[in-house]
Amino acid sequence: MELLNTSWLKERDLEISSEILRALAHPLRMRILEFIDQHKLINVNKIYSSLNLEQSITSQHLRILRQAGLVETERQGKFIYYKLNYHRLHNTVSAIQTHQHLVGGKPSSAQTL
């Protein structure tokens, strides 16, 4: 029974990790994350107007980032503001670095997130 629980936990960790990496793998989502980082807390209207994106496209990408836990929302009146989940981002980068170290990979410029 213990093996089954351990196996399920590892599989769940892999699912979560792949969801995070999939969210980070899109150039537009990376631009959105960078933009939120520059502003710390920002309304979705400001994101799509500043980046010259359609509102629907921006919302779709923000949903993916939210589901991956990379951004958090904060409601202020009728507006929703976005901020980065720095803890989740840090853990993700640390996990990638640990994996590279364990498999003997060489550091790359991507590690400077």
*Residues located in region 80-113, provided they are in a loop (DSSP other than H, G, I, E, B) and at pLDDT 95 or above*: Asn85
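Residue-by-condition table, conditions (1) among the hydrophobic types (A, V, I, L, M, F, W, C); (2) touching a residue at least 60 places away in the same chain (Cβ under 8 Å); (3) over 16 Å from Val71 (Cα atoms):
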{"site": "Ile16", "(1), (2), (3)": "yes, no, no"}
{"site": "Glu19", "(1), (2), (3)": "no, no, no"}
{"site": "Leu24", "(1), (2), (3)": "yes, yes, no"}
{"site": "Glu34", "(1), (2), (3)": "no, no, no"}
{"site": "Asp37", "(1), (2), (3)": "no, no, no"}
{"site": "Asn43", "(1), (2), (3)": "no, no, no"}
{"site": "Tyr48", "(1), (2), (3)": "no, no, no"}
{"site": "Leu51", "(1), (2), (3)": "yes, no, yes"}
{"site": "Glu54", "(1), (2), (3)": "no, no, yes"}
*asked:* Being loosely packed, with under 13 Cβ neighbours inside 10 Å and either more than 15 Å from the chain's Cα centre (by Cα) or farther than 22 Å from His90 by Cβ (or both): is that true of Glu34 here?
replied: no
_Number of the condition not met by Gly77 [criteria: (1) at pLDDT 75 or above; (2) under 16 Å from Ile32 (Cβ atoms)]_ = (2)
*asked:* Of all residues being in a helix (DSSP H, G or I) and among the small types (Gly, Ala, Ser) in region 11-31, which is surrounded by the most Cβ atoms within 10 Å (Cβ to Cβ)? Just the residue, please.
replied: Ala23
*Assess whether Asn52 counts as being assigned to a loop (DSSP other than H, G, I, E, B) and among the polar types (S, T, N, Q).*
yes
_Among the residues listed as Ile64, Ile47, the single one being assigned to a helix (DSSP H, G or I), modelled with pLDDT of 80 or more and within 23 Å of Ser18 (Cβ to Cβ)_ = Ile64
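The values are calculated or read from the model by the stated rules, or taken from the named source; none is laboratory data. Everything quoted here is computed from the prediction, not taken from an experiment. Cβ: placed from backbone, ideal geometry, glycine included. Neighbour counts: every protein chain shown.
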